[in-house]
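To start, the structure itself, in structure tokens.
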Amino acid sequence: MGFFCYTQVMFIYLDESGNLTGPGETYFIVGSYTVGDRRRIGKAFRKWQVSKFPKKIKDQPEVKFKDPHIDDELRLKTIKYLAAQDIRIFYTFLKKTNIPKEYRKKGKVETGLLYAEIVRVTLELYLPVTDKEFIVIRDRRTLKGMSKEKFHEILKASLLPKFPPKTLFNTDAVDSTSSPQIQVADWISGALARYHEKKEIGDELYAALKKNIVEERELFSDYWSLRWK
């Protein structure tokens, strides 16, 4: 299923929840969204922060979904508030035990290469598009074993041939403390992780976002069945 957005520029904000290696979470989530007015969603998040969050974090430059000062009741209210802001969500998730062997080297996961693939698949969920520009803004993170230039080239090589002629494609990594839009992506990813990990209020969080989810996809779900064929 594709998503059409009749604007000149499509901005996509992207973040993740979980880690690709080590103990802890069972799933790794990459959540992304686009919105009609990117400035309005940023202002809406800041307004909510100032008016609803505890005093200790009202003026923080960044408030994450997992912030210990926020209880689950407020987390759910925040997600419901964000869902009312006309966000359209596209996300992917994978069970870490299903990571294919081609992303493992000497027993270790090549996280940079794998993350690029997950983001690539996530962005393909938006196709087809009619926009003149397709801009992806993600939280700045270390891409182990891969430069940000290589990361961009991998995405560009895969996506650009599927865009209309003369469409411009760009990616940017920003400091989430300076971007309330990226913080919204963190909240979306965190809420979806709660659901997939079957943790408290996970079902309620997913229900609050469900009408905003345009497409979701699990990666490598058939890994073990294919391996043993």
(request) Please specify each residue of region 119-167 satisfying the condition of being crowded, with 20+ Cβ neighbours inside 10 Å and of a type in the set (Val, Ile, Thr). (result) 119, 122, 129, 136, 137
(message) For region 161-178, give me each residue that is more than 15 Å from residue 119 (Cα to Cα) and either under 14 Å from the mean Cα position of the chain (by Cα) or hydrophobic (A, V, I, L, M, F, W, C) (or both).
(response) 163, 168, 174, 176
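Return yes when residue 39 is part of a helix (DSSP H, G or I) and either under 20 Å from the mean Cα position of the chain (by Cα) or surrounded by 13 or more Cβ atoms within 10 Å (Cβ to Cβ) (or both) and no when it is not. Full working, then the answer.
Values: part of a helix (DSSP H, G or I): yes; either under 20 Å from the mean Cα position of the chain (by Cα) or surrounded by 13 or more Cβ atoms within 10 Å (Cβ to Cβ) (or both): yes.
Yes.
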(request) Would you be able to tell me the number of residues in region 70-88 that are of a type in the set (Val, Ile, Thr) and closer than 17 Å to residue 203 by Cα? (result) 2
(request) Quick one: count up the residues across region 66-114 that are farther than 17 Å from residue 190 by Cα and part of a helix (DSSP H, G or I). (result) 9
(request) Give region 120-156 a look and list any residue that's out of contact with any Asp or Glu (no Cβ under 9 Å at 6 or more places or on another chain) and either assigned to a strand (DSSP E or B) or β-branched (Val, Ile, Thr) (or both), or say none. (result) 121, 122, 129, 130, 133, 134, 142
(message) Condition first: touching a Leu at 6+ places or on another chain (Cβ under 6 Å) and charged (D, E, K, R). Now tell me which residues in region 92-131 satisfy that.
(response) 120
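What residue, among those in region 71-93 that are of a type in the set (D, E, K, R) and surrounded by 16 or more Cβ atoms within 10 Å (Cβ to Cβ), is nearest to the chain's Cα centre (by Cα)? Let's see the steps before the verdict.
Let us first name the residues in region 71-93 that are of a type in the set (D, E, K, R), namely 71-73, 75, 77, 80, 86, 88.
Cutting the leftovers down to surrounded by 16 or more Cβ atoms within 10 Å (Cβ to Cβ) gives us 75, 88.
On the way: 75: 18, 88: 12 Å.
Residue satisfying both the conditions and the ranking: 88.
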(message) Checking residue 213 against (1) buried (at least 16 other Cβ atoms within 10 Å of the Cβ); (2) more than 13 Å from the chain's Cα centre (by Cα): exactly one of these is not met. Which one?
(response) (2)
(request) Considering each of 61, 23, 68, 54 in turn, give the residue that is surrounded by fewer than 14 Cβ atoms within 10 Å (Cβ to Cβ), touching a residue at least 24 places away in the same chain (Cβ under 8 Å) and either more than 18 Å from the chain's Cα centre (by Cα) or more than 30 Å from residue 133 (Cβ to Cβ) (or both). (result) 61
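None of the figures in this text is laboratory data; all of them are computed from the coordinates on show. Everything quoted here is computed from the prediction, not taken from an experiment. FYI the Cβ positions are ideal-geometry reconstructions off the backbone, even for glycines, and counts take in every protein chain you see.
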